[in-house]
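Take a look at the structure set out below.
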Amino acid sequence: MKAKISINISDSISRIDKRLFGSFIEHLGRAVYGGIYQPDSEKADDMGFRKDVLELVRELNVPIVRYPGGNFVSGYNWEDGTGPKENRPQKLDLAWGTVETNQVGIDEFQEWAKRAGTEIMMAVNLGTRGPDQARQLVEYCNLDTDTYYANMRRKNGFEKPFGIKLWCLGNEMDGPWQIGAKTPVEYARIAHETAKLMKWTDDSIELVACGSSHLFMPTFGEWERTVLRECYDCVDYISLHNYYGNRNDDTEDYLGQSINMDRFIKTVAAICDEVKEEKGSEKTIGLSFDEWNVWFHSNEQDKQIPRWSYAPRQLEDIYNFEDALVVGTLLITLMNNADRVKIACLAQLVNVIAPIMTEDEGCWLQTIFYPFRDASVFGRGTALRVSIDCPSYSSSSLDEIPYLTASAADDGDTVTVFAVNRSLEEELELDTEGFEGMELVSHRSMECDDLKAVNSMDDPDRVTPSEKALGDRIVLAPHSWNVLRFKKLS
Ligand code: AHR
């Protein structure tokens with residue numbers, strides 16, 4: 001099969017905000033305890049952080065990590081995770097039915113973030129708490145004043161403020177599963193008042209209001225409109241969350257799901273602009289796709305976890321090759337919407353629906369690690385508009401799924417094309433247009449005959465990318481993830 005891919009170097013979508021390649025660490029399962037933090041491990045550093053995990057997070061080049069939840073944050077008292085560790089309370093976490101020891105809190109996490117070379121996207125609790133505790137947390141983290149919460153931080157050993165710039169106003173407040181879930185009007189009001197107090201405390205911060213928990217929420221649309229009408233002037237972004245899964249074992253349909261991500265983004269952007277118009281505002285609301293990934297493999301096994309366990313193996317999806325292809329298509333979709341999506345977080349980072357997995361003896365990498373690393377490392381600079389001309393197919397839930405999906409990033413010296421061939425049987429031969437004056441210098445691809453193949457601690461390199469020999473033709477193997485680097489000749 002043939003496909004034509006065209007770019008025009010001067011036709012860009014937008015600068016790519018580096019925060020498009022963010023991730024997420026929640027107090028959930030083994031993400032924190034046994035993931036980033038394991039003081040009794042031989043891999044631990046002086047603060048108990050796993051050095052092998054830190055190294056891999058740095059390799060992923062993750063610019064921002066959302067913390068501490070997720071559903072967890074809606075029942076969390078941030079003060080529990082500060083001060084001397086021996087005084088910290090052990091508490092029930094109603095979101096995940098587990099026990100939280102509070103041995104890691106913002107004091108430790110901000111240090112972990114520094115060591116990982118990343119920044120924090122901090123969420124406040126709008127489930128069981130409200131504006132007062134949120135503004136106190138902003139003071140604790142960001143202020144240099146001689147006042148109670150800033151002094152509390154100093155007393156805990158941190159003279160300098162942490163300087164956290166990006167904050168989430170709660171988490172998935174539209175979801176009945178959320179502790180303290182709200183109606184659109186209830187959330188809009190509390191988000192507005194919380195935003196006001198947080199920004200009055202530190203006017204340099206940016207705020208993300210909760211949008212819908214997924215595209216098919218019954219309140220989708222109405223939620224965004226209500227929240228934005230109320231909060232337009234005091235928030236900077238609205239969130240989108242969505243998880244994907246091959247629940248019906250229908251690979252062709254699964255590979256097309258990024259089309260739903262694209263629709264979701266475009267619909268939310270349209271609602272933002274409709275409210276902008278209503279208000280006659282000059283300001284454009286950005287989108288923060290701060291939870292996205294594949295999540296379905298572990299759903300059944302998680303039902304067996306005994307209640308009130310400590311750091312159980314929870315949400316430990318083992319990703320196969322087709323999941324990595326889907327993650328590739330989702331990354332391409334995010335890049336192609338870089339004009340509106342400024343922040344996106346692969347949920348999550350370690351052990352919990354994650355690219356990095358730990359065992360006592362070391363780490364291993366899931367299949368999804370590789371497309372995420374490729375996009376995060378090479379997807380910087382300017383997103384170029386990519387036109388594709390190729391055959392398409394229909395699946396059980398979608399019409400017109402193009403066999404080829406692709407995005408392109410121009411970092412000044414090199415244009416990197418990310419591409420997935422969705423065809424299960426046929427190679428795609430690429431006809432390129434607009435690449436004159438450039439030389440193809442590398443073609444890395446992830447290919448595997450078995451779509452269900454997985455990596456594991458015992459077989460860590462079952463599915464990995466490899467360099468392809470360059471020839472006269474550019475050929476994308478059936479069901480493959482591809483990274484093509486075109487160097488500009490001066
Ligand atoms: O990432 C796992 C969970 O998914 C988060 O806690 C929640 O926000 C979402 O439902």
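The values are calculated or read from the model by the stated rules, or taken from the named source; none is laboratory data. Being a predicted model, the structure only gives us computed values, none of them experimental. Note: ideal-geometry Cβ built from the backbone for every residue, glycine included; neighbour counts use all protein chains shown. For the accessible areas, the whole protein counts, side chains as well, though only heavy atoms, and no ligand, DNA or RNA atoms are used. Shrake-Rupley method; radii C 1.70, N 1.55, O 1.52, S 1.80 Å.
Distance between the pseudo-spin-label points of K196 and W177 (7 Å out from Cα toward the beta carbon): 3.3 nm.
Converting phi to 3J(HN,Hα) with the Karplus coefficients 6.51, -1.76 and 1.60 and the offset θ = phi - 60°, region 142-159 yields 10, 9, 10, 7, 8, 9, 3, 6, 5, 6, 4, 4, 4, 4, 7, x, 10, 5 Hz in sequence order, with x at every glycine or proline. Across region 14-29, computed HN-Hα scalar couplings (Karplus, 6.51 cos²θ - 1.76 cosθ + 1.60, θ = phi - 60°) run 4, 4, 8, 5, 4, 5, 5, 10, x, 9, 7, 10, 10, 6, 7, x Hz from first to last residue, x flagging Gly and Pro. For region 234-311, the square roots a ≥ b ≥ c of the C-alpha gyration tensor eigenvalues yield an a/c of 1.5 or more together with a/b not exceeding b/c, which makes the shape oblate. Taking amide H positions as modeled 1.01 Å from N, with prolines and chain starts lacking one, the residues under 5 Å from T367 and 5 or more places away or on another chain are Y319, N455.
Please identify which residues in region 270-308 have an amide N closer than 19 Å to a label point set 7 Å out from the Cα of K165, following the Cα→Cβ vector. Residues passing the 19 Å test: 284-290.
Counting only DSSP beta bridges with both residues in the chain, the antiparallel share comes to about 55 percent. A helix-only calculation puts the chain at -8000 deg cm²/dmol for mean residue ellipticity at 222 nm, using -39500 (n - 2.57) for each DSSP H run of at least four residues, averaged over all residues.
Across region 436-443, computed HN-Hα scalar couplings (Karplus, 6.51 cos²θ - 1.76 cosθ + 1.60, θ = phi - 60°) run 4, x, 10, 10, 6, 9, 7, 9 Hz from first to last residue, x flagging Gly and Pro.
Give the residues of region 386-410 whose amide nitrogen is closer than 12 Å to a point set 7 Å from the Cα of E433 in the direction of its Cβ. Residues 387-390 qualify, since their backbone N sits under 12 Å from the label point.
Please express the Cα-Cα pair-distance distribution P(r) of the chain as a list of whole percents, one per 20 Å bin, running from 0 to the bin with the greatest distance. In whole percents, the pair-distance histogram is 24, 57, 19, 0. With a cut-off of 8 Å between alpha carbons and a minimum separation of six or more residues, what is the relative contact order of region 17-380 in percent? Relative contact order here is 22 percent.
Charged neighbours of S12, selected by a Cβ distance under 11 Å, balance to -1 (K, R count +1; D, E count -1). Here the extension length gained between M152 and F216 equals 18.7 nm, from 0.36 nm per residue of separation less the Cα-Cα distance. Run the accessible area of region 17-380 with a 1.4 Å probe and give the carbon-and-sulfur part as a rounded percent. With neighbouring chains kept in place, the figure for region 17-380 is 49 percent. Of D317, D250, D431, the order by accessible heavy-atom surface (1.4 Å probe, DNA, RNA and ligands excluded), from most exposed downward, is D431, D250, D317.
Subtracting the Cα-Cα distance of E361 and R229 from 0.36 nm times their residue separation leaves 42.3 nm of extension gain.
Each Lys or Arg adds one and each Asp or Glu takes one away; over the other residues whose Cβ falls under 9 Å from the Cβ of S396, this sums to -3.
Rolling a 1.4 Å probe over the protein heavy atoms gives region 83-185 an accessible area of 41 Å² per residue.
For region 153-240, relative contact order (Cα pairs under 8 Å, six or more residues apart, normalised by length) works out to 33 percent.
The ellipsoid that matches the Cα gyration tensor of region 98-154 has semi-axes, each √(5λ) in whole angstrom, of 19, 18, 12, with the longest given first. Other residues lying with their Cβ under 11 Å from the Cβ of G81 contribute a combined charge of -2, Lys and Arg counting +1, Asp and Glu -1.
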